Structures are given as C-alpha cells and as structure tokens.
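See below for the structure under consideration.
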Amino acid sequence: MTTRFTRRTFLKSVAAGVAVAGFPLPLRAQAKTFKIGAVHPVTGPLAEPGQACRLGAQMAVEAVNAAGGIKSKGGLKLELIVGDTQTKPENGRVEAERAVNSGAQMLLGSFDSGSTNAMVSVAQQKRVPFLVDIAAADPITANVAKSVKEGQQKVQYVYRNFPTGSSFGRKAVQYFTEIFAEAKVTPKRVVLMYCNDLFGQNQSRGFLAAYKAAKPAWTLLEEDVLAWPEPPSDLSTEVSKAKSLKPDVIAPITRPASAQLLLPEIRKQRLDILGIVGPGSPGFYEAGQIAILKEDVEYAMVSNPWANFKNPRTLAVAEDYRKRSGGKTFDTNSGYSYDAVLVIADVLERSSKLDDPDAIVEAIQKTNYSGGLMQYAGPVLFNELGDNPNAVTTMTQILGQKPVAVWPKEAALQKFVFPRPKA
C-alpha cells in the first residue's frame with residue numbers, strides 16, 4: 001500500500017477505531033497501517049536506480065501485507081509514504097521531514113550517499129528509526145555511532161543493510177586478485193578512475209586502503225588515480241591521462257551519467273587494455289544503461305551487491321519484477337530495497353512496542369534475519385556501528401548484454417571472460 005494521509009482521512013480512521021472499540025484487539029489492529037517513509041531519487045540523473053528502489057520496496061510491502069501483515073501485531077499492514085530527492089542530495093532532509101510529518105514511523109532510503117547522509121539528521125533529531133537500504137559511504141552510520149559512544153547523542157536510530165565503502169574495497173581487491181589468478185593474467189598496471197562526490201570519494205578510499213593492506217601481485221600506483229567532478233560534461237581529458245599511463249585494467253567508480261561518457265571515450269581513444277573491472281558502483285548493470293552503452297559495456301565487470309538467483313524465492317520475485325518493470329532485471333537497487341522492507345517487517349514482529357522508537361531500535365539491534373533475497377555472507381545483523389557485516393558484493397559481468405554473476409564461484413551463474421576479446 002502506498003498512499004498519502006490527509007487530515008480528513010485521519011479523522012475518519014479515528015472515528016472508525018472508536019466504532020469498533022468493543023471488538024478484540026486483533027480485529028481493531030487490522031484497520032491500521034505502519035507507515036514507512038521511502039525516499040529515493042525517482043527523477044533526475046539517478047532516476048533509473050531510484051525507480052528500481054521504489055518498485056522493489058513497493059513489491060515487498062505488497063508481499064508482506066498479502067502474507068498477513070505483521071502477525072504479532074494483529075495483522076498490522078505496512079504502508080509506504082514515498083519521497084523523491086530528485087537526485088539532489090539536499091532534498092534528502094526535505095523529503096525525510098515531509099514523510100515524518102505525514103506520519104512515517106520509520107525511514108527507508110535513499111540510494112545515493114549524499115541524500116542518505118542528509119536524512120540522518122532527521123532520523124536522529126526526530127527519533128525515527130532509519131534503515132539504509134542502499135548507500136555505501138562509511139560515515140553515514142559511523143558518525144552517529146561515534147556521537148552516541150561519546151555521549152553527544154543517546155540513541156543511534158540509523159542502521160544499514162548494505163555494504164560500506166570500506167567493505168566494498170576489501171571484497172573488490174579480493175575478487176580482482178582471485179579473478180586475475182584464475183585467468184592466469186597479472187595486470188602490471190591498474191588505473192583507478194572515480195567520480196569525485198561523497199560516494200566516489202569513499203569508495204576510492206576504501207579500495208585504495210584495501211589494496212595497500214593486501215599487497216596483491218597486481219599494481220596500482222598513487223599516480224594511477226584519476227578523479228572527475230560529478231556530474232561531468234566531458235571525460236576526454238581524464239581518459240587521455242589514463243591512456244598516457246599505459247594501463248592494463250581500468251577500474252572505474254561511476255554514476256550512471258558518468259559511465260555513459262567514460263566507456264564510449266575509452267573506446268574512442270582506443271585504450272589497449274585487458275578489461276574494465278570496477279570496484280563497485282552503479283552505471284554498469286541497469287537495463288537503461290546497457291541499452292545506451294551497448295557494446296561499450298560488454299565484458300565490463302563490477303563488484304556490486306547482487307541478488308541470489310540460486311534461491312527459488314528470488315527467481316519468483318525477479319520474474320514478477322521483470323513483468324512490472326517492463327523487462328528489467330531484479331538487481332542491486334530493487335533487491336536491496338525489497339530486502340530492507342523484509343527486515344523492517346521482521347523488526348516490527350519482534351518489537352515490544354511500535355509507538356516507541358527506542359523499542360524498535362532495540363529490536364533492530366537484535367536482528368538475525370535469514371530470509372533475504374540478496375547474496376549475504378550470513379544472516380542480516382547489525383554491529384556496533386549499525387552496519388551489517390554480512391552484506392557482501394558479487395562480481396557481475398555484462399555478457400550478451402545482460403548482467404551475470406561470475407564470481408565468487410559459489411555465486412557464479414557463468415564463467416567470467418577475462419581478458420576481454422580484442423575488437
């Protein structure tokens with residue numbers, strides 16, 4: 001259910017509640033909903049992933065409600081109050097406040113790290129539990145955890161079921177190393193290129209820190225790191241600089257718009273590389289992106305959270321999503337937003353009270369949920385920073401113009417192709 005409550009609707013619901021006051025509590029509870037403010041960028045440059053997030057969340061709400069709602073609370077139904085950041089980070093706070101003022105008792109969102117970070121202050125100030133479905137920048141949760149630990153704030157209301165930038169980096173270095181070893185090819189020079197926004201900065205730092213810690217056989221020098229202002233209008237200069245470094249592998253961290261500039265420019269300038277292997281970012285797996293980039297994205301690999309397509313439940317949801325989205329893949333964005341709603345439903349089942357945000361937080365902190373549809377290293381749970389240490393990435397590759405899981409072996413549906421075939 002996705003609606004907006006007016007004052008008249010609210011008064012009607014109160015009157016209805018009084019009318020059935022003599023009935024048992026479970027019957028009265030069925031007429032109520034628990035409202036979740038779901039804020040995503042459904043317009044602007046990030047509209048495609050943002051729309052996928054919204055549809056994933058809506059489908060999960062429908063699934064929870066169809067299965068009987070929150071059973072321990074008399075069949076309580078979930079309801080989304082949707083918000084659109086318009087791909088403007090500052091709108092995260094505006095839309096979160098609007099959702100809370102409209103009755104949202106929890107927040108969900110928001111895909112990009114900038115707008116998600118803006119939502120954090122609303123959650124903390126208004127004491128509204130906030131589950132981050134997608135956003136990787138470490139400070140989103142770490143800063144709140146630090147302020148609580150130091151006594152500046154009493155309770156942490158912000159939690160995240162998505163890999164952090166630092167964990168992205170560790171997994172990317174691991175997968176790069178394993179794939180290169182499996183292919184029996186050791187790149188002499190990897191060049192990191194990234195979008196210079198909060199997400200890109202955090203992702204690049206995580207990747208570089210993991211590389212220095214692991215000391216793999218492949219080489220990434222300090223001078224082999226190139227950034228561009230996001231959003232860019234042209235990337236020919238940056239690609240020319242990368243070409244002059246004579247790379248074997250380009251490791252890009254992009255937004256969808258910058259990927260549309262970067263990959264064609266790599267082709268135009270004829271970079272002689274073994275392949276494009278990304279540490280993790282959007283821009284390489286969305287249906288709209290693939291339709292635009294065509295052969296420029298073929299064989300590109302990227303380490304991103306991905307759906308567990310070996311799970312029959314995931315396959316069923318993915319087929320429904322394909323029909324409802326006009327043929328698109330159930331992916332990072334739709335999948336993690338879907339799972340976030342499932343986690344929220346599990347939290348509400350276990351919470352002692354739903355009108356007390358601290359009781360909901362207590363239930364969040366005790367989460368141990370294994371019913372998700374994405375690839376995890378274990379059950380969903382939250383550590384001292386409010387992050388899920390079992391949220392992991394999967395290496396996907398565009399093969400035949402479709403994103404396919406290719407690494408690690410236990411998640412792979414096809415064998416990866418590396419080096420990429422010569423044109």
Within region 111-139, the residues that are farther than 24 Å from residue 209 by Cβ, open to solvent by 10 Å² or more (accessible area, probe 1.4 Å) and without any contact (Cβ under 8 Å) to a residue 40 or more places away in the chain are 118, 121, 124, 125, 126
Taking region 229-243 and keeping residues under 24 Å from residue 171 (Cβ atoms) and either of a type in the set (S, T, N, Q) or touching a Leu at 6+ places or on another chain (Cβ under 9 Å) (or both) leaves 242
Within region 395-419, residues being in contact (Cβ under 8 Å) with a residue 60 or more places away in the chain, open to solvent by 10 Å² or more (accessible area, probe 1.4 Å) and among the β-branched types (Val, Ile, Thr) number 1
Exercise. Got at least one residue in region 353-365 being in contact with an Asp or Glu (Cβ under 8 Å, 6 or more places away or on another chain), small (Gly, Ala, Ser) and at pLDDT 95 or above?
Worked result: no
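Go through region 375-394 and give me each residue that's open to solvent by 10 Å² or more (accessible area, probe 1.4 Å) and outside any loop (DSSP other than H, G, I, E, B). Outline the logic, then answer.
Kept after step one, since they are open to solvent by 10 Å² or more (accessible area, probe 1.4 Å), are these residues of region 375-394: 375-379, 381-385, 387, 389-390, 392.
Once the filter is applied, which keeps residues that are open to solvent by 10 Å² or more (accessible area, probe 1.4 Å) and outside any loop (DSSP other than H, G, I, E, B), region 375-394 yields 376, 387.
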Would region 262-271 turn up any residue that is at pLDDT below 95, within 23 Å of residue 328 (Cα to Cα) and in a helix (DSSP H, G or I)?
-> no
| Do we have residue 381 as more than 21 Å from residue 276 (Cα to Cα) and modelled with pLDDT of 95 or more here? | yes
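Specify the residue that is surrounded by the fewest Cβ atoms within 10 Å (Cβ to Cβ); the eligible residues are those in region 140-153 that are charged (D, E, K, R) and not in a loop (DSSP other than H, G, I, E, B). Walk me through it before giving the result.
Just the residues of region 140-153 that are charged (D, E, K, R), to begin with: 146, 149-150.
With not in a loop (DSSP other than H, G, I, E, B) added as a condition, the list becomes 146, 149.
Numbers: 146: 14, 149: 12.
Within region 140-153, the match that is surrounded by the fewest Cβ atoms within 10 Å (Cβ to Cβ) is 149.
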Checked 316, 242, 227, 287 against criteria (crowded, with 21+ Cβ neighbours inside 10 Å and of a type in the set (Gly, Ala, Ser)); the one match is 242
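Provide a single number: the residues in region 297-313 that are open to solvent by less than 10 Å² (accessible area, probe 1.4 Å), of a type in the set (S, T, N, Q) and farther than 24 Å from residue 420 by Cα.
Going through region 297-313 one residue at a time, the tally reaches 0.
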Picking from 360, 364, the residue that is farther than 15 Å from residue 162 by Cα, part of a helix (DSSP H, G or I) and in contact (Cβ under 8 Å) with a residue 12 or more places away in the chain would be 360
Note on region 92-110: residues open to solvent by 30 Å² or more (accessible area, probe 1.4 Å) and polar (S, T, N, Q) are 101, 102, 105
Here the qualifying pairs (Cβ atoms under 8 Å; residues six or more apart or on different chains; first in region 328-339 and more than 15 Å from residue 38 (Cβ to Cβ); second open to solvent by 10 Å² or more (accessible area, probe 1.4 Å) and among the charged types (D, E, K, R)) come out as 328/322; 329/322; 329/402; 330/322
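The values are calculated or read from the model by the stated rules, or taken from the named source; none is laboratory data. Owing to the predicted nature of the structure, the values given are computational and were not obtained by experimental measurement. Neighbour counts run over all protein chains shown; Cβ positions are idealised from the backbone, glycine included. These area figures cover heavy atoms from the full protein model, side chains too; ligands, DNA and RNA do not enter into them. Shrake-Rupley method; radii C 1.70, N 1.55, O 1.52, S 1.80 Å.
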